[in-house]
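Here is the structure we will look at, set down as structure tokens.
Bear in mind these aren't lab numbers, they're just calculated from the coordinates by the rules spelled out. Just so you know, these numbers come straight off a predicted model, no measurement behind them. Neighbour counts are summed over all protein chains in view; Cβ atoms, including those assigned to glycine, are modelled from backbone coordinates with ideal geometry.
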Amino acid sequence: MNSKVYEVKMEIAGNTAMWTRPDSGDSPCSYPAPTYSAVKALFESVLWGPAIVIVPTKVELCSKPRYHSYATNYGGPLRKPTSITKGDNYQLYATVLVDVCYRLYANVIPNSNKTSLPDSAKNWDKRTSSPGHAYMEIFNRRLHRGQSYGTLSLGWNEFTASYFGPFREDTQVCENLPDILIPSMLRTPFGNGYQSKFNPMYDQNVQIIKGVLKYPKRGDFL
């Protein structure tokens, strides 16, 4: 089987984004750039298949990080049991990003863990001599057509993308952006990969240099 690594890339923009820092508590604050798992999910929203693995490599910031205070009525499962019983919401305050634009990059590799694949994915994998190349070609066709399996959102579901697609000619990377050091950045909430339980994994001392964040490489491709 062809084991060559193939690259996929896309541009995404929106009015509001929230890449939640877990250490920011009850009033969450956003990282200045999307997490590894968020980028992975965005690619998979356009085209997902368990026979391949999306490995995000870098993000280019095409807008300067601008923070904004945001408040919403929260009605989710993290409320107190009494609030859930009474149907009471509470106001959630957050610090979000506004007017964002990113260029996202990822590599595509075949999933080596064949035993965990559903039967449909196993059959597709057997029929395909180069799963990575096949995924790249299908992904690019869908991206140019504006097709996706799910609505692409910028962190929180309510923050939908105003644009996603191929790179636009007038989009420029913010190379004059001051360097940013992120001491600890969530990599993925599911550290054991596909269909695994909650097990958060972090990267340390992640840097944004000349507007570019490169995700640290790991041998496990998570």
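Which order results if K9, K4 are arranged by neighbouring Cβ count within 10 Å, fewest first?
Taking fewest neighbouring Cβ atoms as first place, the list is K4, K9.
Considering only G87, G211, G75, the Gaussian network model of the chain with Cα springs below 10 Å gives its largest mean-square fluctuation to G87. Cβ-Cβ distance of A71 and R127, R₀ of 45 Å, FRET efficiency by 1/(1 + (r/R0)^6): the value works out to about 0.30. With neighbours defined as other Cβ atoms within 10 Å of a residue's Cβ, the residues M201, M18 order from fewest to most as M201, M18.
Counting only Cβ charges, +1 for Lys and Arg and -1 for Asp and Glu, the dipole size of the stretch 6-175 around its Cα centre is about 420 debye.
Phi angles of the stretch 85-101 translate, via the Karplus equation with coefficients 6.51, -1.76, 1.60 and θ = phi - 60°, into HN-Hα couplings of 4, 7, x, 8, 9, 9, 6, 10, 9, 9, 10, 10, 9, 10, 6, 9, 8 Hz per residue; Gly and Pro are given as x.
Placing unit charges on the Cβ atoms of the charged side chains and taking the dipole of the stretch 6-175 about its Cα centre, the candidate lying farthest along the positive direction among V53, N157, Y70 is V53. In the stretch 6-175, a dipole from Cβ-located charges (positive for Lys and Arg, negative for Asp and Glu) runs towards its positive end, and of P166, T128, T20 it is T128 whose Cα lies farthest in that direction. Of interest is the spacing of the C-alpha centroids, which for the stretch 139-204 and the stretch 65-96 amounts to 23 Å.
A cut-off under 13 angstrom between Cβ atoms defines the neighbours of I138, and their net charge, with Lys, Arg +1 and Asp, Glu -1, is +1.
Exceedance of the 28 Å cut-off in Cα-Cα distance is limited, within the set K40/K197; K4/K214; K4/K197, to K4/K197.
Computed over neighbours whose Cβ is under 15 Å from that of V39, the net charge equals +3, Lys and Arg +1, Asp and Glu -1. Full extension of the segment from E7 to D88, taken as 0.36 nm per residue of separation minus the current Cα-Cα distance, would add 24.5 nm.
Report summary: the helix-based calculation at 222 nm, which adds -39500 (n - 2.57) for every DSSP H run with n ≥ 4 and divides by the residues of the chain, gives -5500 deg cm²/dmol. Cysteine residues of the chain whose C-beta has no other cysteine C-beta under 4.7 angstrom: C29, C174. The label-point distance for N205 and D26, in a model that sets each label 7 Å from Cα toward Cβ, rounds to 3.5 nm. Exposure proxy shown here: for F139, F164, F198, the number of other Cβ atoms within 10 Å sets the order, fewest to most, as F198, F164, F139.
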